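Have a look at the structure below, then the notes.
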Amino acid sequence: MLGIHNGMIIVGDGIKEPKKGYIIIQGNEIIEIGWGEIPNNVLNSISQKLDAGGGYVMPGIINHHAHCCVMGPALPFGLQILPEEKVIDNLNKHLLHGTTTLLNVDGYVSWEEVKYTNKKHPINIKTTTSHTPTNIKAEKLMPGSNFRPEYEQITVEDMIENGAVAIGEIGGGHTLGGAQQEYRYIPMFIEEATGKKIGQREARELKDAILGRYIDPSAYNHSEVSKVLQKYSLDLTPEQARDIVFNSVIPTLEVALKGINEACDLARKMRVPVIVHNSAPSMHKLAEVAPQVEHFLIAAHSNHTTFEAEEAVEHAMYLRRCGAIIDISTFDLFTGKRFADSPEIFFDMLKAKTVDTISTDWGGGFYDPILLGLQRSVEKGIITIPQAVYLSSGNVARNIPGLAPKRGSITKGFIADLVITEPQNLSKVRHVLIGGAFYVKNGELV
């Protein structure tokens, strides 16, 4: 038996405040929870002890929107299979951040690849599926696509039957003209045409001048494009730049939007959640499908940087009235800020009480810990500690059935997936247990 004592326990229900107590674990389950000091007779009867040192003891983080965490086709577009060591590195990063259950939303992986990855890493890894005809068609339209035939033969029905817990991620920054166009495709084509490398921010300025935030060909602004080209010394005419961006973004857009309809129809029929890329280019499609899909719709990363703050909040409120589940992501909003300049929308959505769940997403591989975003929100007085933990554990388990059974709460009989932090700081992870076993101790992998 393992006893964890002298910790401030956060049970994960969103209501109860942290309270000093102790937890007794036998095998992989919590068998007792007590409050106050651990009695000497209990302490003496257990074989393994951990003094939490006044730190928070909370349910393990359930990250329901992560990429590149299964040894199969990476990201929503499935263009490459990552080396095993890279996948393990990504999973280790999540583990050190307190994640004990993870939903990989690279929807073109096979069930065999998910099983293999679970054998290689202690995190409880689940998967989604995007294997619908229209979504596969959109992926195959991407420049340089090498979508493998063996993945095209997999069906959503087969994946759900085998254990996939949701459909998604449907749409993405590549097919819907979002961030992956900005940090991958548009820079690649600009470099081919000019020999000059540009970054994500430059590509976004150019794309917005040509297509606007909503990806509309009629938004092309000749004078604004000229200014961007001059600002970054790009040796292109506005018309050449327009053609480059059009050819990169537009071919997949209509197909990808139809793919959202197709996936939502399947979700409603099969009664499973569907995780849809929510951004300015796809917001009108989500508004259209939300009344039909209702609580099966998860609006992913609803604080996406293509939104303006007020727009993001109003859109989320509408989707929520339709019954949708609203997710926001940390991206790298608090440290590197490669994806966005400010966490303003993240905070504004929490203030407006429009948020159901919190994830990391990918952000080009630069993403902050969920617990860091929550700690910053608590420091600002936007949410309470119980609310913060609930958004990253219990409420995720509740909204995605099958993702984390008997997880997400410190409850007798539940699996002992736990995170222990430093005192008064959710973001400083000391120890992580999965199924009652330590996989992080004193901030380092065991």
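The values are calculated or read from the model by the stated rules, or taken from the named source; none is laboratory data. What you see is a predicted model; the values in this text were computed from it and never measured. Glycine gets a Cβ as well: all are built from the backbone with ideal geometry, and neighbour counts include every protein chain shown.
Some points to look at:
- Options VAL42, VAL11; residue that is β-branched (Val, Ile, Thr) and part of a helix (DSSP H, G or I): VAL42
- Residue within the range 206-215 that is aromatic (Phe, Trp, Tyr) and under 30 Å from GLY98 (Cβ atoms) present: no
- A residue that is over 17 Å from the mean Cα position of the chain (by Cα) and in the same structural domain as ILE370 (by TED's automatic domain parsing) occurs somewhere in the range 62-72.
- Residue, nearest to the chain's Cα centre (by Cα), within the range 413-440, restricted to residues that are of a type in the set (Phe, Trp, Tyr) and assigned to a strand (DSSP E or B): TYR439
- Among the conditions (1) surrounded by fewer than 23 Cβ atoms within 10 Å (Cβ to Cβ); (2) in the same structural domain as CYS69 (by TED's automatic domain parsing), LYS428 misses just one, which is (2).
- Taking the range 347-412 as the region of interest, the helices (runs of 4 or more DSSP H) fully inside it that hold 2 or more residues being of a type in the set (S, T, N, Q) are 370-379, 394-399.
Residues are listed down the side, and each one gets a yes or a no for (1) within 29 Å of SER329 (Cβ to Cβ); (2) in contact with a Leu (Cβ under 6 Å, 6 or more places away or on another chain):
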position	(1), (2)
ILE9	yes, no
GLY21	no, no
GLY27	no, no
GLY36	no, no
LEU43	no, no
ASP51	no, no
GLY55	yes, no
ALA66	yes, yes
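- Among the residues of the range 129-140, those that are out of contact with any His (no Cβ under 9 Å at 6 or more places or on another chain), of a type outside the set (Gly, Ala, Ser), in contact (Cβ under 8 Å) with a residue 40 or more places away in the chain and surrounded by 15 or more Cβ atoms within 10 Å (Cβ to Cβ) comprise THR132, THR134, ASN135, LYS137.
- Of all residues making up the range 67-116, the number that are farther than 25 Å from SER145 by Cβ, assigned to a loop (DSSP other than H, G, I, E, B) and either at pLDDT below 95 or out of contact with any Gly (no Cβ under 8 Å at 6 or more places or on another chain) (or both): 1
- The residue that is surrounded by the most Cβ atoms within 10 Å (Cβ to Cβ), counting only those in the range 163-197 that are among the acidic types (Asp, Glu) and over 16 Å from the mean Cα position of the chain (by Cα), is GLU182.
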